1. Return yes or no: is ARG33 closer than 30 Å to HIS150 by Cβ, of a type outside the set (Ser, Thr, Tyr), without any contact (Cβ under 8 Å) to a residue 12 or more places away in the chain and open to solvent by 50 Å² or more (accessible area, probe 1.4 Å)?
2. Tally time: how many residues in the stretch 109-154 are under 20 Å from LYS36 (Cα atoms) and of a type in the set (Val, Ile, Thr)?
3. Would you confirm whether or not the stretch 1-8 contains a residue that is part of a helix (DSSP H, G or I), open to solvent by 50 Å² or more (accessible area, probe 1.4 Å) and closer than 30 Å to LEU147 by Cβ?
4. List, please: which pairs have Cβ atoms under 8 Å, are six or more places apart or on different chains, and start with a residue in the stretch 135-155 that is polar (S, T, N, Q) and end with one that is part of a loop (DSSP other than H, G, I, E, B) and open to solvent by 70 Å² or more (accessible area, probe 1.4 Å)?
5. List every residue pair whose Cβ atoms sit under 6 Å apart, with the two residues 6 or more apart in sequence or on different chains, where the first one lies in the stretch 111-132 and is among the charged types (D, E, K, R) and the second, anywhere, is surrounded by 14 or more Cβ atoms within 10 Å (Cβ to Cβ).
6. For the stretch 131-144, indicate whether the set of residues that are farther than 22 Å from LYS162 by Cβ and either in contact with a Lys or Arg (Cβ under 6 Å, 6 or more places away or on another chain) or modelled with pLDDT under 90 (or both) is non-empty.
7. Being modelled with pLDDT of 75 or more, surrounded by 15 or more Cβ atoms within 10 Å (Cβ to Cβ) and not hydrophobic (A, V, I, L, M, F, W, C) narrows it down to one residue among PRO120, PRO110, PRO125; which is it?
8. Which residue is nearest to the chain's Cα centre (by Cα), if the candidates are limited to the stretch 9-19 and must be within 15 Å of VAL68 (Cα to Cα) and open to solvent by 50 Å² or more (accessible area, probe 1.4 Å)?
Amino acid sequence: MTLLTVWKVLEEIIIEFRKKELPVPQKIMEDLRSAKVMINMADADEKRCAETNPKILECLGTVEIYLVSEAQKSFSSETIDKWLKQLETASCKVASQEEKIEPYFIPGLPRNQKWIRVKPLSNLPLEKLKSYAIESKLSFRIEEGQLLVHGNAGAVKEFIKKMTVQISRH
């Protein structure tokens, strides 16, 4: 199953909700964002895929259930059937190497480097994140209250492992 493809279909459905000015609860948007972050993390650290995939599926499932149930109130059955077919196709699709993660352009970052955007938490403050980035020999900058960390793929994986260990201690 290509989780990123499922995520993209759900994103398209939310865009259609927004076009009709239908509300999408913050919790649903947070689940969609969380799923995307976990998909990116699973791609950066493939050893943790087995741990993150159930969480990703849970987030995507919650979003899908809400969107389909709410869509029945405002969209035609043909539109809903089309979305369900897209979701089914995406769920059955074999992952291809080109589709893993869509590239983003971030001004000032070399294209050959991997990157991750990290939001500080109470048990993982900004200063601790900065120290992990320095220990992992990564470059970083602060954007909109988040830490944008970038460097080679191995160093990014090391950074993610350090964060995971710190979070699991609390």
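1. yes
2. 3
3. Scanning the stretch 1-8 turns up at least one residue that is part of a helix (DSSP H, G or I), open to solvent by 50 Å² or more (accessible area, probe 1.4 Å) and closer than 30 Å to LEU147 by Cβ.
4. GLN146/LYS119
5. Close Cβ pairs (under 6 Å, with a partner that is surrounded by 14 or more Cβ atoms within 10 Å (Cβ to Cβ)) amount to LYS114/VAL156; ARG117/GLN146; ARG117/LEU148; LYS119/GLN146.
6. Yes: the stretch 131-144 contains one or more residues that are farther than 22 Å from LYS162 by Cβ and either in contact with a Lys or Arg (Cβ under 6 Å, 6 or more places away or on another chain) or modelled with pLDDT under 90 (or both).
7. Residue meeting the stated conditions: PRO120.
8. GLU11
The values are calculated or read from the model by the stated rules, or taken from the named source; none is laboratory data. Here the structure is a predicted model, which means the values were calculated and not measured. FYI the Cβ positions are ideal-geometry reconstructions off the backbone, even for glycines, and counts take in every protein chain you see. Accessible surface is based on the protein model in full, side chains and every heavy atom, while ligands, DNA and RNA are left aside. Shrake-Rupley method; radii C 1.70, N 1.55, O 1.52, S 1.80 Å.
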